[in-house]
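Asker: Pasting in a structure now, in structure tokens, and then I'll have a few things to ask.
The values are calculated or read from the model by the stated rules, or taken from the named source; none is laboratory data. Source: prediction; values computed, not measured. Quick reminder, even Gly has a Cβ in these numbers, built from the backbone with ideal geometry, and neighbours come from all protein chains shown. Note: accessible area is taken over every heavy atom of the protein model, side chains too, but ligands, DNA and RNA are not part of it. Shrake-Rupley method; radii C 1.70, N 1.55, O 1.52, S 1.80 Å.
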Amino acid sequence: MPPKKLKQYSFSRLDLYERCPWAYKKVHLDGIPRASNEAMVTGKTVHALIADYLLRLINQKQQTDWEWAEGAAPKDGSPDVLQIWQKFYNSFILPPALDVYGVEHKLAFDRNWQPCEFSADEAYFRMVVDFHFRQGELAVVLDWKSNRAVPETVEKDLQLRTYGWGLKQVAYPDAQEILLRLHFLRYGKEREVLLEPQDLEGVPEVLESKIKTIEEDQDYGPTPGSFCGLCGITAHCPVMSKTLAPIEVIAPATREQAEKAASLLLALQKMEKELTARLKDWVKEYGPIHVGDMVYGPSPVVSYDLDPQKVATMLLNASLSREEIWPLLSMTKTNLEKGLRKLKRRDLLEQALSTATAKGSEKIDFRKANS
Ligand code: SF4
């Protein structure tokens, strides 16, 4: 039977194929839903909040609306989402007088790479651009990033060139250059890259050839690597099921399967230490090992033996207040207990703990069963 073909593509579909053809096949051809992970949920929630905020600012002709933004913080949002959102609205100022703009702009192109309706049957390649506007002669495109790392520079990669090319076709046909601005939401930092006409040349042809490779693939082999923790279909992966356990143990549905999964987890936890120690010895002797796109081996690490007193004095001298400094010198119950034990004053522990507010939470892990 010839392999199924998709009718519609997007950059993220092409990207999934490049990361792991098996994951692509399972999700897009076999229709297995991808299990979402925390990063995906955070990204989605924050993008939706920002889109609502931008549309409000544009409609109200305001550059900021902190009161509205504060009230819009989702009551059930994770601490991560709330922190990112607060950072964003406290630092973002809408550029004035936007007459041409798009928020979460949905673009689509037909098989001849001509613009068409996003929901049309002939929509062959689709993309959603977070935010764009015209600033004088320049078309500016903003992409919100919830990544934890901010790169020093930004490559003009295919994804950015695709956004630039798509927007030029649909919104800014006369723009000579397109400024792409990546806004790293966690840190309020931006990185920019200017797309010139030659960067936008040949984009449809590159996309077309990637689609051809996908459509000609006969076996969609899995490619395990760093993406395995994020693919969302680990439970349907033949590599994982062979190396770890039967599929029902990876994705338990009954108590019996959950018990098997727990035994496996316990065994893995026990094995981990031993395996790590042996592998460390091996790589010290014979050098790093490659596993897919990851390398297991030594890399330089710098650690600092900080003296809290010296650091606090230095920060106070630099005009930071005590209230700002104390939280930086974080103290845990374990450290406090260890320290007091060393000083042979463990009797002070309860008294020291009573100066803090105790917060209850839940931790799911192995513990000794009551006999
Ligand atoms: S677990 Fe790894 S190899 Fe398996 S489908 Fe996911 S990304 Fe591919």
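Asker: Pull out a ≥ b ≥ c, the square roots of the eigenvalues of the alpha-carbon gyration tensor of the stretch 52-119, then state rounded if a/c is under 1.5, prolate if not and a/b is larger than b/c, and oblate in the remaining case.
Answerer: Taking the square roots of the gyration eigenvalues as a ≥ b ≥ c, the stretch 52-119 is oblate.
Asker: For the stretch 308-353, what size does the Cα cloud have along each of its three principal axes, sorted from largest down, in whole Å?
Answerer: Cα spread of the stretch 308-353 along its principal axes, largest to smallest: 36, 17, 14 Å.
Asker: A further question on this structure: Once R0 is set to 25 Å, what does the formula 1/(1 + (r/R0)^6) return for the Cβ-Cβ distance between LEU316 and TYR187, expressed as a FRET efficiency to the nearest 0.05?
Answerer: Working from the Cβ atoms, E equals 0.45.
Asker: For the stretch 166-245, rounded, prolate or oblate, judged on the Cα gyration tensor with a ≥ b ≥ c (square roots of eigenvalues), a/c < 1.5 rounded, else prolate if a/b > b/c?
Answerer: It is oblate, given that a/c is not under 1.5 and a/b is not larger than b/c.
Asker: In addition: Could you work out the Rg to Rh ratio of the chain, with Rh taken as the Kirkwood radius (inverse of the mean 1/r over all Cα pairs)?
Answerer: 1.02
Asker: HN-Hα J couplings of the stretch 18-34 from phi, Karplus 6.51/-1.76/1.60, θ = phi - 60°, integer Hz, Gly and Pro as x?
Answerer: 5, 6, 6, x, 5, 4, 4, 4, 4, 6, 8, 9, 9, x, 7, x, 6
Asker: If I model a spin label at LEU336 and LYS61 as a point 7 Å from the Cα along the Cα→Cβ vector, what separation in nanometres do I get?
Answerer: Taking the two extended label points, one gets 5.6 nm.
Asker: Nearest 10 degrees is fine. How inclined is helix 308-317 to the longest principal axis of the chain, computing both from alpha carbons?
Answerer: That works out to roughly 50 degrees.
Asker: Further question: Which residue fluctuates most in the GNM of the chain (Cα springs below 10 Å): LYS75, LYS145, LYS26?
Answerer: Comparing LYS75, LYS145, LYS26 in a Gaussian network model of the chain, the most mobile one is LYS75.
Asker: What aspartates and glutamates could a cross-link reach from LYS310, if we take a straight Cα to Cα line under 17 Å and drop same-chain neighbours fewer than 8 places away?
Answerer: In chain and number order, the partners are GLU323, GLU324.
Asker: Express the carbon and sulfur contribution to the solvent-accessible surface of the chain as a percent, rounded to the nearest whole number, probe 1.4 angstrom.
Answerer: Values: 13310 of 24980 Å².
Carbon-and-sulfur percentage of accessible area, whole number: 53.
Asker: Taking the Cβ-Cβ separation of LYS284 and LYS44 as r and a Förster radius of 45 Å, what is the calculated FRET efficiency to the nearest 0.05?
Answerer: For R0 = 45 Å, the calculated efficiency reads 0.60.
Asker: If you build a Gaussian network model of the chain, linking Cα atoms that sit under 10 Å apart, which residue out of ILE289, ILE250, ILE178 swings the most?
Answerer: Evaluated over the chain, the most mobile residue of the options is ILE289.
Asker: Please express the Cα-Cα pair-distance distribution P(r) of the stretch 1-107 as a list of whole percents, one per 10 Å bin, running from 0 to the bin with the greatest distance.
Answerer: 12, 33, 25, 21, 8, 1
Asker: Report the gain in length on full extension from SER361 to ARG134: 0.36 nm times residue separation, minus Cα-Cα distance, nm rounded to one decimal.
Answerer: 76.9 nm
Asker: Show that you can apply the helix-only estimate: for the chain, add -39,500 (n - 2.57) for every DSSP H stretch of four or more residues, divide by all residues, and state [θ] at 222 nm to the nearest 500.
Answerer: After summing the helix terms and dividing by the residues of the chain, the value is -12500 deg cm²/dmol.
Asker: Less than 13 Å from a label point 7 Å out along the Cα-to-Cβ axis of LYS5: which backbone N atoms in the stretch 107-132 qualify, by residue?
Answerer: 111-112, 124
Asker: Next up: So how tilted is helix 79-91 from the main axis of the chain? Cα-based, degrees 0 to 90, rounded to 10.
Answerer: It is inclined by approximately 60 degrees.
Asker: Would you be so kind as to identify which of GLY221, LEU316, VAL128 lies farthest towards the positive end of the dipole of the chain, taking Lys and Arg as +1 and Asp and Glu as -1 on Cβ and the Cα centre as origin?
Answerer: Projecting each Cα onto the dipole axis, the largest value belongs to LEU316.
Asker: Sticking with the crude label model, points 7 Å out along Cα→Cβ, report the distance from GLU104 to MET294 in nm, one decimal please.
Answerer: Each label point is offset 7 Å from its Cα along the Cβ direction, giving 3.4 nm.
Asker: Enter the accessible area per residue of the stretch 9-214 (Å², integer; probe 1.4 Å; all protein chains in place). Present the calculation step by step, with values, prior to reporting the outcome.
Answerer: Numbers: 10610 Å² over 206 residues.
In whole numbers, the stretch 9-214 has 51 Å² accessible per residue.
Asker: Which of the aspartates and glutamates could be linked to LYS156 by a straight reach, that is with a Cα gap under 20 Å, when you skip same-chain ones fewer than 8 residues away?
Answerer: Correct list for LYS156: ASP15, GLU18, ASP130, ASP143, GLU177, GLU190, GLU192, GLU196, ASP199, GLU201, GLU205, GLU208.
Asker: Calculate the dipole size of the chain relative to its Cα centre from +1 charges on Lys and Arg beta carbons and -1 charges on Asp and Glu beta carbons; express the result in debye to the nearest 20.
Answerer: Numbers: 49 positive and 52 negative charges, 390 e Å.
It comes to approximately 1880 debye.
Asker: Going Cα to Cα from LYS5, which lysines come in below 26 Å? Please leave out same-chain ones fewer than 8 positions away.
Answerer: Result set, ordered by chain and number: LYS25, LYS26, LYS106, LYS210, LYS212.
Asker: As I understand it, the value is the acute angle between the Cα axis of helix 333-342 and the longest principal axis of the Cα atoms of the chain; what does it come to in degrees, rounded to 10?
Answerer: 30
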